[in-house]
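Step one of this worksheet: look at the structure below.
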Amino acid sequence: MVSWGGSYEEACRKAFFDPFSAETGIEVRVESFNGGLAQVRSQVETGNVHWDVVDLEFADVVRGCDEGLFEIIDIDELPAAPDGTAAREDYIEGTYSECGGGGTYYSAVFAYNRETFPDEQPSKLEDFFDLGKFPGRRGMRRTPVVNLELALMADGVPTDEVYAVLSTPEGVARAFRKLDTIKAAVIWWETGAQPPQMLADQEVVMTTAYNGRIFNAQVLEGQPFSIVWDGQVLDYGQLAIVRGSPRLEAAKRFLLFASRVESMAAVGRYIAYSPTRRSGMDLIGTHAETGVDMRPHMPSAPGNLTRALQNDPEWWTNHAESMTERFSTWLAR
């Protein structure tokens, strides 16, 4: 199993890695990575496959499936909901790929340390880009994904127009111009564990981050962090089996187990990520260790969706290569 490390990986271990091993006797060995398809592509193309199941951003599942990097999964083989509803009907529209199983909603937000701003505190996405009102270093993930969307929203583009604008040369240029305004103040991060640590160390005054990582720092470590949900980019991931997996049957059993509604919802007992199956939300309750009500902390909670953008995996499937090349060039300047 290849996952994202840190508190998310630990949540998955408690939710379904260890329960799967207890039920089947099959050991789950976990390796961490930073996302993307490069390593998967290399393994499949050389025939030297040593990964079995990979946890990926949805756009990468779709792109990898199109490239033949993953095994095809028949959705009708995935477990039904507790009330008998077929998986095909239970998955929220748009959150299933023909190569995927399991599924988790998460969100890219920005967060800050309240002790850094004892008076007025950031409250909207525009504040992240306002170095005059809120001076100090920012943290951002070293990727064009999310950053381009945040830049356009902060520059006044409505959420329902972001990808249309980004589909034009002028829109891309506009996004990079907005990023130019804070580029000199940005410290780039690559793993999900870095943003809360950067805040705790006061290396940055605010940073983009995965909402669940900030939540865990708040409730488990008592960190004085606050999440700004305004302008959040809502996304979801799935598990995929690498084509040519040397342990294919075990991998399929694991994928089916992880696709149970109970397994998907169990993740939400340890970190603020929610399942992408409709019946799963009814199983979300309190945090397993602290008793905190998890529902208000989920990215899909109504109170957190005032200005939220749903990531468009199809757009990124079609534009990831060109945007990554342009982003790398921009970084190097």
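The values are calculated or read from the model by the stated rules, or taken from the named source; none is laboratory data. Predicted, not measured: the structure shown is a model, and the values here were computed from it. Glycine also receives a Cβ, built like all others from the backbone with ideal geometry; neighbour counts cover every protein chain displayed. Ligands, DNA and RNA are stripped out before the accessible areas are found, and what is left, the full protein with its side chains, is counted by its heavy atoms. Shrake-Rupley method; radii C 1.70, N 1.55, O 1.52, S 1.80 Å.
From its DSSP helices (H runs of at least four residues, each -39,500 (n - 2.57)), the chain gives a residue-normalised ellipticity at 222 nm of -10000 deg cm²/dmol.
Report relative contact order for the chain in percent, whole number only (criteria: Cα-Cα under 8 Å, sequence separation at least 6).
Reported as a whole number, the value is 28 percent.
Relative to the longest principal axis of the Cα atoms of the chain, the long axis of helix 313-332 lies at roughly 50 degrees. Do any trypsin sites (Lys or Arg not before Pro) in segment 1-103 lie in a loop, going by DSSP, with at most 11 other beta-carbon atoms within 10 Å of their beta carbon, and if so which? Taking segment 1-103 and a limit of 11 other Cβ atoms within 10 Å, the loop trypsin sites (Lys or Arg not before Pro) found are 29. Taking a straight Cα-Cα cut-off under 13 Å and skipping sequence neighbours fewer than 8 places away in the same chain, the aspartates and glutamates within cross-link reach of residue 124 are 155, 230. Bridgeable lysines around residue 252 (alpha carbons under 25 Å apart, same-chain partners fewer than 8 residues away excluded): 14. For the chain, the solvent-accessible area of protein heavy atoms averages 42 Å² per residue (probe radius 1.4 Å; ligands and nucleic acids excluded).
In whole percents, the pair-distance distribution calculated for segment 289-333 from its alpha-carbon pairs, binned every 5 Å from zero, is 5, 16, 13, 11, 13, 13, 12, 9, 6, 1. Left without a cysteine partner by the 4.7 Å Cβ rule in the chain: 12.
Using a 1.4 Å probe on the protein heavy atoms, what percent of the accessible area of segment 101-155 belongs to carbon and sulfur? Kindly include the intermediate steps, with their values, before the conclusion.
On the way: 860 of 1920 Å².
Of all accessible area on segment 101-155, carbon and sulfur atoms account for 45 percent.
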